[in-house]
Amino acid sequence: MNWRDAAACRSEDPELFFPIGEDGLSRQQIEQARAVCRRCPVLTDCGSWALRNGERDGVWGAMTADERRRRRLGRLSGSSP
Ligand code: SF4
């Protein structure tokens, strides 16, 4: 079974996971998306996939695009995530 089959966001509006920014009014949307991710049984699989594949947009594994970018940069520079 693919991890996506168990995704909690399957029953949510996909737009919720793709805010137009990461500040201002988008913060509330991001927190709503994170709330879904936190009860998702495949949160770790999803976040790992997004990091591995360089997913540039949206909330994946409760992480925003900026958070994933910072993690990737931290790994490249050898510092902790
Ligand atoms: S962690 Fe979030 S974005 Fe990923 S599958 Fe689960 S609900 Fe969807």
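Within the stretch 47-54, none of the residues are within 21 Å of ARG10 (Cβ to Cβ), out of contact with any Gly (no Cβ under 9 Å at 6 or more places or on another chain) and within 10 Å of the ligand (Cβ to nearest atom).
If we keep just the residues of the stretch 1-27 that are outside any helix (DSSP H, G or I) and within 13 Å of the ligand (Cβ to nearest atom), which is surrounded by the most Cβ atoms within 10 Å (Cβ to Cβ)? Restricting to residues being outside any helix (DSSP H, G or I) and within 13 Å of the ligand (Cβ to nearest atom), the top hit is PRO19. Considering the conditions (1) in contact with an Asp or Glu (Cβ under 9 Å, 6 or more places away or on another chain); (2) more than 9 Å from the ligand (Cβ to nearest atom), GLY61 is excluded by exactly one of them, (2).
Each value in this text was obtained by applying a stated rule to the coordinates, not by laboratory testing. All figures in this text were calculated on a predicted structure; none of them were measured in a lab. Note that each Cβ is placed from the backbone with ideal geometry, even for glycine, and that neighbours are counted across all protein chains shown.
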